[in-house]
Structures are given as structure tokens and as C-alpha cells.
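S.K.: For reference, the structure I am asking about is given below.
None of the figures in this text is laboratory data; all of them are computed from the coordinates on show. Note that the structure is predicted; figures quoted are calculated from it, not measured. So basically every Cβ, Gly included, is an ideal-geometry build from the backbone, and we count neighbours across all protein chains shown.
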Ligand code: UD1
């Protein structure tokens, strides 16, 4: 298991490219199961979660070819097994995204239940309830979802909670259903819109993605296409916070500033000078310490839960005190105890963290517990005095492409050591 060693104290400077969005690439790869012809997906980030998805599709018998541009061509005509095993689903919950497409296209699917995870119980009841409303017969037995449907039928699906992968699973299933499905209280995340755009390029008839009501008019078949995944807004936000907490000045390119409005507003509130272009963001902190800024997470377009841990670190080193409320997941403060080991002053009460900024953090060994928590520890390492050793970084490799290379390009002293 690799570790990262970070020597803090360097203001980040320079320019880096943002990779394709993990949370768009995963549903788009699952959507290839719906197509009659090969689908080529470009701007795919090199991440462990992508490897896991490719392994999952490969085990089903799907043919995957990576070309010289690192685009992935997926051909599902060779599929032989409509099965997602526990060993893969437990390592990546987004594997549940194959359920809707398999059921809609092939009339059956057996997918492991994901179980709990480090940030909460994360059930998939809304995925299942939606598919049942569309006429699927679903039994949950021995930890597996067994789903069957001769032909899915359109339904009006009013979601009890805003769920990103739930919206995506049902939207994919509805593309081949009979009639027009309405998904109300749908997730509005840019990744949902990207998936809808890809499905439309495959011949689907989806409108309203990006609003809270999505209409999907079912079609008989979907075709192959070539689609490039949108940039990763969470990776973008993470590097901007890295610059802000180190008093640095960086530019990130190949990103989409419009997807990051709430994050940019918070960075400005913290004292950063932020200038945006069409596809780049420039953040200059002019050597200053950030000011504390209150955070409350909520579904898009509000402040993303996937940026909460990084802004916790920002507040840990900021001037003043701030309150951080997590409303999306029940247990997403695992990073707090690790940050305390570096000298952070944080009190936890239920789903709220009260943070008082400190002038200095001191290095210590810390342990990553989930993807975004590990990012917050790497950020803390960039400002802590001494060598911070971050263990269990397989979590970070699930969602950040070459993090040590990108940070090193910005001047950080960071290295990966195999253990
Ligand atoms: C997705 C993102 C994840 C992000 C999260 C919230 C992907 C691959 N992952 O996860 O990075 O943190 O959105 O923005 O896109 N819920 C239920 N029942 C369900 C489904 C969800 O109760 O059937 C609850 C969850 O426990 C959670 C809330 O709804 O409290 C939102 O979760 P959801 O949007 O579904 O998260 P994911 O799609 O798993």
C-alpha cells in the first residue's frame, strides 16, 4: 500500500490541466451497455474506479479497447453475463449503475447490493423503487438484487430524495422503455447532464436534464457514438483550495468555471482573487491567509458535499471561526479526527463541525478513510510544518489522477512511497 509524504510550507504556483470527471465517466461507461454499436468514450481520467468499471464490463464479456489517445471503445455485442459481483460492487458503489442499463436492454440483471460505506449507509432503495414502478420484478436475495422485465414501461417517478446515481440509473433505464418517463425531484448535477448528452448522442430522447424534472421518451434502440467526458469539477475545486491555503497563485485549465460557481463564491469569500475564462480559472491568494467561511452542503447547484472535506481543511488554517454543516451524508466527518492529529481545532456535533482556525499545523502520520477525506489530508500536509505521511492512499487513487505529479508541477514537495 503506497503512502504520500508531503513537506508543507510552499505556496503553490503554476498551471495544471484538469482531467475528465470521474462521476460522469462512470455512468457513461455503464450507458454503453444500452448501445447496439460500439461507443467510444474520450477524456476518461486514469483512475482506479475506471479500472474497476472496465473490469466489471470485461467480466460480463464486453469488449474494451483503449486506443493511442487513451479513448476507450466499448462493444457490448459480445456480452454473456448479466452479473455484477459483490467483490467489485463493494469496492466501487457506482457499479450499481449497470443495473438500469442491463435490465432495459437485456431484460434481466443480477447486481450485488453495495452495503454501507465509510460516509454513511447509502442505500439504493430509490433505484429499486423506480425500476419497480417501471414494471420490473425485483427480489433481493442473499445480498443480490435480482431484476427482470420483459419490457420496461414509462412511469412518473417522484424521487423522495435527490439522488445522483439514482437519477442516472432510472434515466438510463427509461431510454429503452415504452412511453415517456418523467423523473421529478431529479438530481441537477452537471454529470447527470453530461450523461443525458451522451445518451442523446446515442439516439435517446431526453429533455430537461439539469432541471429537477427530466423527461425521457423511450426509443427502440440506441446506437454507438463518440463522446468526450466533461471536466472534473471536484478535482478543479480541490486544486483551487490547495492554492488558497498555501497563499499561492495557480491557473487550472480545461475546466468549466460555470459548474463551480458556489465553490468560487466561497473561495472569494475566503479572500482569494479569482478570475475565470471560458475553460480556465485563475486563483491568486497573494500570500495571504484565508478567512474562515461557513459551509452548508446540499445537492447541486448548492455547495457540493464532495468539496466539504477540502473546505474543512481551509477553515482549519483560516483566520476566524466557521461552521460546516453536512446535509447529504450522515457520517462524512472522518477526516476531522485525522486533522485534529495535525493540530486542528474542531468540535463535532452531529452533522456540524465548528472550526476555529489555527496559525500552524504540525506534521503527523494520518490515515485516509474515504476519497474526499484523503484529499483534505493531502491539503493539510501542504501547509503543515514538517513531513506529513498520508497512509491508505488507495482511496485517493480512486478519484484523483496523478495527484502527486500535478501538485509537484505546482511546486509542492510531495512524493509517493511504496510500502
Ligand atoms: C453521487 C456521487 C458522489 C457524491 C454524491 C452526492 C457518483 C458516482 N457519486 O453519489 O461523489 O458525493 O452523489 O453528491 O456520482 N439515498 C437514499 N436512497 C437511495 C439513494 C440515495 O437514501 O436509493 C441517499 C444517500 O444515502 C444520501 C443521499 O441520498 O444520503 C444522496 O446520495 P446520492 O446522490 O444517491 O449519492 P450517490 O449517487 O451514491
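S.K.: In which sequence would 57, 339 go, from the one with the fewest C-beta neighbours within 10 Å to the one with the most?
M.R.: 57, 339
S.K.: Would you please state which residues of region 50-71 a label at residue 88 would reach in this model, taking the label point 7 Å out along Cα→Cβ and a backbone N cut-off of under 12 Å?
M.R.: 50-64
S.K.: How long is the gain from residue 359 to residue 140 if the chain were fully straight, where each residue apart is worth 0.36 nm and the alpha carbon distance is subtracted?
M.R.: Length gained between residue 359 and residue 140: 73.6 nm.
S.K.: Something else now. Would you kindly state how much longer the chain becomes between residue 68 and residue 276 on full extension, computed as 0.36 nm times their sequence separation minus their alpha carbon distance, in nm to one decimal?
M.R.: Taking residue 68 through residue 276 to full extension adds about 71.7 nm, to one decimal.
S.K.: Provide the packing ranking of 159-169, 407-417, i.e. peptides ordered by the mean count of other C-beta atoms within 10 Å per residue, highest first.
M.R.: 159-169, 407-417
S.K.: Among 304, 290, 85, whose mean-square fluctuation peaks in a Gaussian network model of the chain (Cα, cutoff 10 Å)?
M.R.: Top of the fluctuation ranking is 85.
S.K.: Continuing with the same structure: In deg cm²/dmol, rounded to 500, what helix-only [θ] at 222 nm does the chain give when every DSSP H run of at least 4 residues adds -39500 (n - 2.57) and the total is split over its residues?
M.R.: That calculation yields -9000 deg cm²/dmol at 222 nm.
S.K.: Can you put 69, 291 in order of Cβ neighbours within 10 angstrom, beginning with the fewest?
M.R.: Lowest count first: 69, 291.
S.K.: If you don't mind, another one. If you take the square roots of the eigenvalues of the alpha-carbon gyration tensor of region 185-253 and sort them as a ≥ b ≥ c, do you get rounded (a/c under 1.5), prolate (a/b over b/c) or oblate?
M.R.: Oblate is the answer for region 185-253, as a/c is 1.5 or above yet b/c matches or exceeds a/b.
S.K.: Normalised by the number of residues in region 10-122, what is the relative contact order in percent for Cα pairs under 8 Å and 6+ residues apart?
M.R.: In percent, rounded to a whole number, it is 24.
S.K.: Right, next: Classify the chain: rounded, prolate or oblate, from the alpha-carbon gyration tensor (a ≥ b ≥ c, eigenvalue square roots; a/c under 1.5 rounded; otherwise prolate if a/b is larger than b/c)?
M.R.: Prolate shape, in that a/c is at least 1.5 and a/b is the bigger ratio.
S.K.: According to the square roots a ≥ b ≥ c of the eigenvalues of the Cα gyration tensor, what is the shape class of region 28-102, taking rounded for a/c under 1.5, prolate for a/b larger than b/c otherwise, and oblate for the remainder?
M.R.: The shape class here is oblate.
S.K.: Hey, another quick one. Put a dot 7 Å past each Cα toward the Cβ at residue 219 and residue 59; how far apart are the dots in nm?
M.R.: 3.1
S.K.: Counting DSSP beta bridges in the chain, what percent are antiparallel, to the nearest 5?
M.R.: 70
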